[in-house]
Structures are given as C-alpha cells and as structure tokens.
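The values are calculated or read from the model by the stated rules, or taken from the named source; none is laboratory data. Treat the numbers as computed from the prediction; the structure is a model and nothing was measured. Don't worry about glycine lacking a Cβ; one is built from the backbone with ideal geometry, like all the others, and counts go over all protein chains shown. Note: areas computed on protein heavy atoms with side chains; ligands, DNA, RNA excluded. Shrake-Rupley method; radii C 1.70, N 1.55, O 1.52, S 1.80 Å.
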Amino acid sequence: SECRIQKKILGFRPMDFAHTADNIFAVILSVLETYDITHRILSITLDNASANTKSIALFTERNIPQAGGYFFHQRCACHIINLVVQSGLKKVSNRIERIRDAISWIGSSNPRFQEFGRHCTLNGLRPRRFQTDMPVRWNSTYLMLKNCLEYDTTISGFYNMKLAESGCPPAQSLTPDDWYVAKIFVEFLQVFYNATVTLSGVYYPTSSQAIHQIVEMSDMLNTYREDDLLGDAVVAMETKFKKYWSEMPFLYALGVIVDPRIKLAGLEYLLEFTGNKLSIDYSEQITDIRNKLFEVFSIYERRFGGIHTEPSPEPDRQPLPTSWSILKRRKKDKSASSSSSTTRSAASSGAELNRFLEAQFDADENKENFDLLLWWKTYSYRYPVLSHLARDILVIPVSTVSSEQAFSTSGRIIEPRRNCLTPEMVEVLICIRDWEHARKRMQNEMVDEQFIQNFSNLYVDEGSASNQVQN
C-alpha cells in the first residue's frame, strides 16, 4: 500500500542432483507450494542457462501465467552484460595478461613487495598492494585495471627492471601500449559497470532503467567501433549484444512507457536512437509493443475496471534516468503528434490508456529527483487500472544479482565450525538474516561492497587493509 518494493528470500534449498529443467522446476515449485503462492507468480527472472529456460515451459504447462504470460520469463540483464563484456575481454586478453602477471609477481613475495614499496616512495607514491582479478567476474578485471592505472609507470619501471636483471626476453616487458589499452578499456567498461550496478538494485524499479542502460551501452559501442586498439573487442561485444537485445524485451519497453516523462513517444525515440547506433531496425517491434500494450491493458481492465481510489499526496523525487539528456533532444511537436496518432490507431478500447499516453504532464524534466512508484500511487485515482499495471511492471527485477548474493552469505554460515548444519537449518538462518535486513531496509548493502574494497584501499600504511589482504 505504500508503494515500496519488498524483497524476501523464501527458500534456500540444496540440489544434490543434476540441474536439469525437471529438477529446477521441482525445487522452485516446492518453495512456492510451501507458501501457497503457486498461482500468484507474475514473473520469474533467471540467468540464461538452457535448463532454466526449459523449466519455465514446465511452469506454464502447470499454471496459467498472470497478465497473459507476457512477463513470466525474464533473462537476467546483468548476466547478459557479463557475456557481452567477456566476449570483448578475450580480444584484449594478451595485454591485460601482462598487467595481471606483473602485479601478481610483485605481490607474490614479501621481500619483493617491500622493494616495490620503496620504489613507490622514490616515485612519490604511497606503497600499496594490488589485487588480481578473477576470470569468471569481468568486473574484477575492471576494478583491477582501474586501481593500478595510477601506478602504471611505477609498476612498469620496477617490473621491467627485474625482468632485465633476470635475463627475461624484452617481449615479456610491460609497454606504454599495454597501459594505454588498459586506460581506454577502463573508460569504455565504465558504462557497463554502471549498468550492472544500476540494474542489480533492490529498492527501486529496475525494469524502467533497462532501456536507458541499453541506450548508454549502445552509444559506447558505436563510439569505439572504429578504434584501432579496441575495434576487434567492440565488434565481438556488439555481436553478443545484438544476440540478446536486437529484440527488445517487452518488459523493458513497458518500463519506460509507464514513465509519464517518456511514454510511447519517448520509447520510439530511444529505440530509434539505439537502432541507429547498432544498425538495428526496431520499427516493426514498436508496432508489436504498441499492440501488446493494449492487449495487456485489456486484461487489467477486465480485472480492475471497477476500482476507484482517492488522491494521494504529491510524490518525493529520485534521480532521473542516466539517458535523460538524449530524450531532451526530442522535439516536443514530434513527440505530441507521434503519441496522438499512434495510440488512437492502436485500439478502439482502452480509453484510460489512451488518455495517459496523450496527456501532457509536467514531467519534471528539470527536477533532480523523481519517484516513479510514488507518482503512480499519487495518480492512481486518475488511472485506476493503469496504476495496477504500472505497479506490477515496476516491481519485476531484471537481474538475479540480489538473489545470488544469498550464496555469498551462505559461505559465511556453512564454515568449518558449522559443517554439520542440516539443509533445513541453513535455510532458516539464511531467511532470518534476510528478513531482518528487509525489516531495516538494508538489503541494498551489497555483498559486492566488500568485493570492491578488496581492490581498493590497499595502502600498506593502513594496517587493517594490509592485514586483510595478507589473510
């Protein structure tokens, strides 16, 4: 009733057998049946494993999905971003490998690291350690490179000097080109890193942010496509990007349509912008999205058509989407004509939906904050049916990151001193911890914060940080 997104872990069950579609379906179903919510599931967000996709078919065979099944299966957007970036990392792996080898070699021996510390002091830098990345987590590569760029010449000078003293061939030395590629790649990956952080949020709608992040990433891919050093990596990333997002997910489209600052006309502009950057024709998809929008609205109209609500106080404000500057360039006269002409021809019914799409709102383009969920609570009296649809759209997560953090938490519960805990007790501990954090609205304190700290603040004159790395 307060239009605040809630998150709860309801089950944490072991799978001591093959992760087939049938077994995944059975375990998830057992959790849903425990809480008697089998017939109340609007959407399931999973990563892109084929067994997960096949398990969704088993759910749809057993139950009739809510909202016509248009949102029932969502692929994890952050998993797709990971696949995109990993395809690019393979193309620049040789240069990154040399940097990785250098910082790993420097930190592998205490006497060697102490000598490197003195070398840092002579060059006017605070001695510090560097953490190497993990190949399975691309953001660790980003953080590794980002945190050692300031020390590029110092690392190269010390590492190359030691290689020469040991008689290693010059081909193994670090070069300015290696660091140039690292610097440009960090700037390039910043957009993808920001997208991952944004789309893995807990307490704000992520479905309304997905297209904005796709716009940002497509613009970056287009900018570096012809780059001499990153061109091959960008082409590989763009190919993977198109594999998943050349057909825009319907949820992402509705996420921006229900934003009163964007609506259908703004969606068309954003898709046109993205299509031009990546040579994708979204025109037919726009027509399909428009038709599906009215179909979904008719489902909600049959269910909520007789509901009336009272006006609510004006909403507070939250940050605007990152790509709002792109929407500002849209001509208002083009937006108005596009909205009125397309919505009237889309369906003969859905008067409330047409009224929303054609309304001219003071959409707070110049405001720094905008709370989308609270806006719909405020104007639910004006759009009683559409507000239910918008609320359902905005609470669907586009990422599994916040759920996957439970596995990191379990690693601190199942430890050598607690290795006899039963699966049921582990589930109890996981759920109680999560529910307590939910009560305090602390679930947005991501496990990755500790992960990020492992790459930064590793100065050796800060005892706690140094000891943490050594331990």
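Identify all residues within segment 16-43 that are outside any helix (DSSP H, G or I) and loosely packed, with under 12 Cβ neighbours inside 10 Å; write none if there are none. Once the filter is applied, which keeps residues that are outside any helix (DSSP H, G or I) and loosely packed, with under 12 Cβ neighbours inside 10 Å, segment 16-43 yields D16, F17, A18, Y35, D36, I37. The residue pairs whose first member lies in segment 243-261 and is in contact (Cβ under 8 Å) with a residue 12 or more places away in the chain and farther than 13 Å from L199 by Cβ, whose second member is assigned to a helix (DSSP H, G or I) and open to solvent by 10 Å² or more (accessible area, probe 1.4 Å), and whose beta carbons are closer than 7 Å, counting only pairs six or more residues apart or on different chains, are E247/Q285; M248/Q285; F250/K292; I257/K263; D259/L372; P260/W375. Of the residues making up segment 96-131, just one is in contact with a helix residue (DSSP H, G or I) (Cβ under 6 Å, 6 or more places away or on another chain), under 11 Å from I155 (Cα atoms) and among the small types (G, A, S), namely A102. Evaluation of Y204 against the conditions (1) closer than 24 Å to I452 by Cα; (2) assigned to a helix (DSSP H, G or I) shows that the sole unmet condition is (2). Among the residues of segment 205-236, those identified as under 22 Å from E247 (Cα atoms) and open to solvent by 40 Å² or more (accessible area, probe 1.4 Å) are E216, D219, N222, T223, R225, V235.
Can you tell me which residue within segment 56-75, out of those that are touching a strand residue (DSSP E or B) at 6+ places or on another chain (Cβ under 8 Å) and not aliphatic (A, V, I, L, M), is surrounded by the most Cβ atoms within 10 Å (Cβ to Cβ)? The selected residue is Q74. Listed by position, the helices (runs of 4 or more DSSP H) enclosed by segment 136-199 that each have at least 1 residues that are surrounded by 14 or more Cβ atoms within 10 Å (Cβ to Cβ) and under 22 Å from the mean Cα position of the chain (by Cα) are 138-148, 176-199.
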